[in-house]
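Shown next, in structure tokens, is the structure this report addresses.
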Amino acid sequence: MEKVSINKSIKLSEHFTLGEVTKSRHAEIYNIPSHVAIENLKRVCGWLEALRLRYNLRYVCGSVSPPELGGDRGGLKERQTFHCSDHPAHPGTPPNLGGEINTPIIINSGYRSPELNKKVGGSPTSNHLTGCAVDIRVYGIEQAMRYAVILMDYADETKQDYDEILIEKNRHGAIWLHFAVRPKENRRKTMFLQK
């Protein structure tokens, strides 16, 4: 039987592709999401775009307030690669940045087929199975906490709910941020987990 493949370059949002949220180090395992899972991944990627923009403004560009949501986003339109000097609250560019702000959000794991989820030891009720969750690479607990705070603030400001924000650490010391948002019945589950 011939396996179906997907176009990994399809954009789910401005900065995130289908390939990024379906990649796996277990290439031999079939990992193609349904249309429903792809819609769920698009929703998650919308939150990741907000995280990317706000993290860059707050921690890369300098201590500036994130632009207001909606409208022209505080003078940034819908762009997320911009110059610090474009932001009305922060004229001038920090010299060490060269002006361009586009630090990416790196996805370690996104959608998982049931076979892949079992292979990696995922929960049988994991949000990864429905395309509602991603694990985000972080460089230490401080960055994980900053990401979590940005996502919680975004939820409050937009009056949207998330399902899970989990800062996870495995027995080898690796840390990542698990983020999930469902189409409905989100629980706002927020915690640290040691695996």
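The values are calculated or read from the model by the stated rules, or taken from the named source; none is laboratory data. Since this is a predicted model, take the numbers as computed values, not measurements. Please note: Cβ atoms are built from the backbone with ideal geometry, for glycine as well, and neighbour counts cover all protein chains shown. Side chains are part of the model used for accessible areas, which takes the heavy atoms of the whole protein and leaves out ligands, DNA and RNA. Shrake-Rupley method; radii C 1.70, N 1.55, O 1.52, S 1.80 Å.
So which residues in the stretch 1-14 are more than 14 Å from residue 110 (Cβ to Cβ) and touching a residue at least 12 places away in the same chain (Cβ under 8 Å)?
Correct list: 3, 4, 5, 14.
Just give me the residues in the stretch 30-72 being at pLDDT below 95 and among the aliphatic types (A, V, I, L, M), in sequence order.
32, 53, 57, 60, 64, 69
Looking at 25, 58, 54, can you tell me which residue is over 20 Å from residue 112 (Cβ atoms) and either open to solvent by less than 40 Å² (accessible area, probe 1.4 Å) or part of a loop (DSSP other than H, G, I, E, B) (or both)?
Values: 25 fails: over 20 Å from residue 112 (Cβ atoms); 58 fails: either open to solvent by less than 40 Å² (accessible area, probe 1.4 Å) or part of a loop (DSSP other than H, G, I, E, B) (or both).
It is 54.
For the stretch 148-189, how many residues meet the condition of being part of a strand (DSSP E or B) and either in contact with a helix residue (DSSP H, G or I) (Cβ under 7 Å, 6 or more places away or on another chain) or in contact (Cβ under 8 Å) with a residue 60 or more places away in the chain (or both)?
8
Report yes if residue 75 is open to solvent by 10 Å² or more (accessible area, probe 1.4 Å) and either modelled with pLDDT under 95 or within 18 Å of the chain's Cα centre (by Cα) (or both), otherwise no.
It is true that residue 75 is open to solvent by 10 Å² or more (accessible area, probe 1.4 Å) and either modelled with pLDDT under 95 or within 18 Å of the chain's Cα centre (by Cα) (or both).
Provide a single number: the residues in the stretch 113-147 that are open to solvent by less than 30 Å² (accessible area, probe 1.4 Å) and either outside any loop (DSSP other than H, G, I, E, B) or at pLDDT 95 or above (or both).
Matching residues across the stretch 113-147 total 16.
Does the stretch 160-172 contain at least one residue that is more than 19 Å from residue 50 (Cα to Cα) and not charged (D, E, K, R)?
yes
Which one of 165, 175, 106 is open to solvent by 50 Å² or more (accessible area, probe 1.4 Å) and of a type in the set (A, V, I, L, M)?
On the way: 165 fails: open to solvent by 50 Å² or more (accessible area, probe 1.4 Å); 175 fails: open to solvent by 50 Å² or more (accessible area, probe 1.4 Å).
Result of the check over 165, 175, 106: 106.
State which residue pairs qualify: first residue without any contact (Cβ under 8 Å) to a residue 40 or more places away in the chain and within 16 Å of residue 193 (Cα to Cα) and inside the stretch 114-137, second residue in a strand (DSSP E or B) and open to solvent by 10 Å² or more (accessible area, probe 1.4 Å) in any location, beta carbons under 8 Å apart, and separation of 6 or more residues or different chains.
Listed pairs, sorted by first residue: 137/108; 137/176.
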